[in-house]
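The values are calculated or read from the model by the stated rules, or taken from the named source; none is laboratory data. Predicted model, so just to flag it, every value in this text is computed and none were measured. Cβ placement follows ideal geometry from the backbone for every residue including glycine, while neighbour counts extend to all protein chains displayed. For accessibility, only protein heavy atoms count, side chains too; no ligands or nucleic acids. Shrake-Rupley method; radii C 1.70, N 1.55, O 1.52, S 1.80 Å.
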Amino acid sequence: MNLNIAKYSKMYNDVLNVCSVEENLTRIIENVKIELPFQSLGVFIKIPNMDIFRYKFGENISKQFAKSTIFTVADPLIQELTNLKPVDMKFPGQYMFEHEYSHLLIAPILYRKKLKGFIFVDKEEGYFEKNDVHKLKAYSGIISFIIRVSRIEEELNQHKDNYEYFMVYNRPAFIQKSALVFSMMKRYNRYLSLAIFKIGNYKKVLRVIKELKTERFIENVSTSFQHDLRQSDLVGLLAKDEIAILLPETSAKNAVITLNRLRKKIQDVDHIKTCKIGWGIRTLCDADKNIDDIIENAEKAAFESYKNSKSEIVLS
């Protein structure tokens, strides 16, 4: 096996000296170009705490493909890669990315002996050499190392995505993560519901219990929600007076059951009687083109709810 061990060893050391993940990954592409001339290259990485693999970087990949293509643990490719062995496939093959190919190589990216992503390269004409699969495995090992380093940095900076006291996603992070779930649910025609908790008389609440107590109230409510929800559910603070709850694999009927349970759970939270609460639900339908559509319709339902003196749950 004709591998330049010194070269790969130097690349591992370079990873520790480069702060930017993007810069490290760009270097990988440049090296692969030299050693493995390809038609296209792509790296897909598993989203933390989700069963979704999404495009991270590559070469000769369109923006549309990069944005719209995801894989889940249910996809045959991911199931095969969980064996942690590379895929060597000639046309016509079982798996296809953006371009037709004569030869396709895919290598798993691992972290703590678990699949965390994969790298693929393909050729439009001709075939890779036998040694090329070993080279691709070496590069996937370097990417695994980059992922390990970046995950440590992400853990240290996790507070950027979460409110320190609220422990819920801020609006940008919530929408970003919800958009991934939306794509997967719409792709596989699965249920997806989004619920909105809205304080309709927020300004009055601020005047009565003041800002600090209002913040603590929101904290207590969101904490109560989290403790009663599944790990796959997402909670986000969309505004100072609005909490969103994303419920994958949940029909409208079951979303109502979940919200009724949450309503009962927060009945004893301090200052809840001061608030006029709106509860809205939107369940994914054909008219919803993106996660923003679902959020907008759930907010409209919450508005109708808090206009009602009984603050009943309203479905959009």
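A few comments on the model shown:
- Residue that is free of Cβ contacts under 8 Å to residues at least 40 places away in the same chain and either touching a Leu at 6+ places or on another chain (Cβ under 7 Å) or polar (S, T, N, Q) (or both), where the choices are Glu30, Glu59: Glu59
- Within region 180-201, the residues that satisfy the criterion of being open to solvent by less than 10 Å² (accessible area, probe 1.4 Å) and among the small types (Gly, Ala, Ser) are Ser193, Ala195.
- Matching option when the condition is over 20 Å from Leu25 (Cβ atoms) and open to solvent by less than 70 Å² (accessible area, probe 1.4 Å), among Leu110, Leu81, Leu104: Leu104
- Looking only at region 48-67, and only at residues there that are open to solvent by less than 70 Å² (accessible area, probe 1.4 Å) and assigned to a helix (DSSP H, G or I), the one that is farthest from Gly141 (Cα to Cα): Phe65
- Taking first residues from region 72-85 that are free of Cβ contacts under 8 Å to residues at least 60 places away in the same chain and within 14 Å of Lys116 (Cβ to Cβ) and partners that are assigned to a loop (DSSP other than H, G, I, E, B) and among the aliphatic types (A, V, I, L, M), the Cβ contacts under 9 Å between residues at least 6 apart in sequence or on separate chains come to Thr82/Val73.
- Of all residues in region 273-313, those being free of Cβ contacts under 8 Å to residues at least 12 places away in the same chain, open to solvent by 90 Å² or more (accessible area, probe 1.4 Å) and closer than 25 Å to Phe217 by Cβ number 3.
- Checked against (1) under 20 Å from Lys203 (Cβ atoms); (2) crowded, with 18+ Cβ neighbours inside 10 Å, Ser316 passes all but condition (1).
- Residue within region 121-128 that is over 13 Å from Leu41 (Cβ atoms), of a type in the set (Lys, Arg) and open to solvent by 20 Å² or more (accessible area, probe 1.4 Å) present: no
- Meets criteria (open to solvent by 10 Å² or more (accessible area, probe 1.4 Å), hydrophobic (A, V, I, L, M, F, W, C), on the phi < 0 side of the Ramachandran plot and in contact (Cβ under 8 Å) with a residue 12 or more places away in the chain) for Val208: yes
- For region 217-251, a residue qualifies if it is among the small types (Gly, Ala, Ser), crowded, with 21+ Cβ neighbours inside 10 Å and touching a residue at least 60 places away in the same chain (Cβ under 8 Å), and the qualifying residues are Gly236, Ala244.
- Unmet criterion (only one of (1) part of a helix (DSSP H, G or I); (2) under 26 Å from the mean Cα position of the chain (by Cα); (3) β-branched (Val, Ile, Thr)) for Val133: (2)
- Just so you know, in region 253-269 the residues that are under 22 Å from Lys177 (Cβ atoms) and aliphatic (A, V, I, L, M) include one that is surrounded by the fewest Cβ atoms within 10 Å (Cβ to Cβ), and it is Leu262.
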